[in-house]
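The values are calculated or read from the model by the stated rules, or taken from the named source; none is laboratory data. Owing to the predicted nature of the structure, the values given are computational and were not obtained by experimental measurement. Cβ atoms come from the backbone with ideal geometry, glycine included; neighbour counts cover every protein chain shown. SASA here: full protein model, heavy atoms, side chains in, ligands and nucleic acids out. Shrake-Rupley method; radii C 1.70, N 1.55, O 1.52, S 1.80 Å.
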Amino acid sequence: MARDRRRLVAWLLAGLVLAVVLALYDADRTGVSEPPAGPCPDSALRCHGATPPHESTPSGPPSADPSASGGPSPSASTAPPSATPSPGTSPRPGGPCSSPGACGFPDARTTGPRIALERHDTGNMSVKTDGTVIKGWDIRGSLDVYANDVTIIDSRITSANWWGINLRPGYSGLRVLHTTITAVPGKGPDNGGVDYAVSNMGGSSIEVGWCDISVFGNALSMGQGELHDNYVHDIVPFRNQGGEWQHTDAVISGGGNKGRLTIRHNTLLNPVPVEQGASAAIGLFADTGSVSSVVVDGNWLAGGAYALYGGGPGATGIQVTDNVFSAQYHPNGGAYGLVAAWNAGGAGNVWHGNRTADGRPVVPEPTS
């Protein structure tokens, strides 16, 4: 009898051990099926499981710290791979579109940093180390880039300088991704104004993507680059040092560029009244040479004197396709109309599929 009891106890213990082993195996197998909490992919609009920036949970250390010379040190990791511009999710021409966000265009929900930030009162800082990666910084100051292959990602810049980020001549490879770039009105050097959120003086293509940009008078200023999935809004007018209203544009190019400028799937708003200097949502001007090799595709445009200036009589290789022109600020898109200075006869110029937000086709008037 005692032997039978010992045998029963042994079987019960064996069964208990087996049940524990099976439970641990099932838990491990279930855990493998969940995505790991790894680094946030640079092409994603939101990190899996990340804490939004407005929440109070402390963040980890940023990817770079200021060096003794005043510039950030290179990140220990390599720069993130290129973020491919989104093909755009806006409706095809023909249907009505109520607002940018409702119709798949960028807004505050899909732009700016995806992680909590750590404050850095850097002041106006020069970046002089190739390959620098700045990630997770809440910067009070501006960045002046004298280096190649610099990446600013998942950060915020609040500038009181002429620019938020500036790439200097002779340098290349700048990438600004998932970053908020703004300024304090009345605190800038141009008689209180601030001029450029991102300025490309480098003579090579740069990338600006998924950024939330406001306040600056000429927000994105460059002759070449990849501008995609950005939200430019709430431009603030100001009188410049000459006492005149500074012209304002969400995107501005002065012409004479050697490479291609691609402006794809952005929300570009210029709410400034025309009597206070508004020029355009996109201004392609031949100020420093003929405008050439520009793609304007799948954007939401509103405001300015005209929503789009198309480059003028000498413009060539300008492709304007599938954009939505909104009456958000003016019944005709801009104060004076939808588009001006379009050179329909220029070599390689294409106008196709552009419409108003209520679905009407947009056809430029012939230039005189």
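A compact table of results
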quantity: Tally, over region 313-368, of residues that are open to solvent by less than 70 Å² (accessible area, probe 1.4 Å) and charged (D, E, K, R); calculated: 2
quantity: Within region 280-291, tally of residues that are open to solvent by 10 Å² or more (accessible area, probe 1.4 Å) and small (Gly, Ala, Ser); calculated: 3
quantity: Boolean, residue 305 is touching a helix residue (DSSP H, G or I) at 6+ places or on another chain (Cβ under 9 Å) and either open to solvent by less than 20 Å² (accessible area, probe 1.4 Å) or over 28 Å from residue 275 (Cβ atoms) (or both); calculated: yes
quantity: Test: residue in region 264-279 that is within 17 Å of residue 96 (Cα to Cα), among the basic types (Lys, Arg) and open to solvent by 30 Å² or more (accessible area, probe 1.4 Å); calculated: no
quantity: Residue match in region 209-224 (condition: open to solvent by 10 Å² or more (accessible area, probe 1.4 Å), charged (D, E, K, R) and under 26 Å from residue 289 (Cα atoms)); calculated: no
quantity: Count of residues meeting criterion [assigned to a strand (DSSP E or B) and more than 11 Å from residue 178 (Cα to Cα)] in region 208-227; calculated: 9
quantity: Residue among 295, 232, 251 that alone is under 18 Å from the mean Cα position of the chain (by Cα), open to solvent by 10 Å² or more (accessible area, probe 1.4 Å) and closer than 22 Å to residue 105 by Cα; calculated: 295
quantity: Hits in region 183-206 - residues which are crowded, with 20+ Cβ neighbours inside 10 Å and part of a strand (DSSP E or B); calculated: 183, 188, 193, 196, 197, 198, 199, 200
quantity: Test: residue in region 258-271 that is in contact with a Leu (Cβ under 8 Å, 6 or more places away or on another chain) and charged (D, E, K, R); calculated: yes
quantity: Filtered residue count, region 137-181, keeping only those that are crowded, with 24+ Cβ neighbours inside 10 Å and in a loop (DSSP other than H, G, I, E, B); calculated: 7
quantity: Residues within region 121-135 that are of a type in the set (S, T, N, Q), outside any strand (DSSP E or B) and modelled with pLDDT of 95 or more, tallied; calculated: 3
quantity: Qualifying residue in region 319-326 (condition: under 26 Å from the mean Cα position of the chain (by Cα), closer than 22 Å to residue 223 by Cα and small (Gly, Ala, Ser)); calculated: no
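A quick yes/no check of all residues on (1) closer than 20 Å to residue 199 by Cβ; (2) polar (S, T, N, Q); (3) modelled with pLDDT of 95 or more:
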site	(1), (2), (3)
101	no, no, no
110	no, yes, yes
115	no, no, yes
119	no, no, yes
137	yes, no, yes
141	yes, no, yes
144	yes, no, yes
147	yes, no, yes
150	yes, no, yes
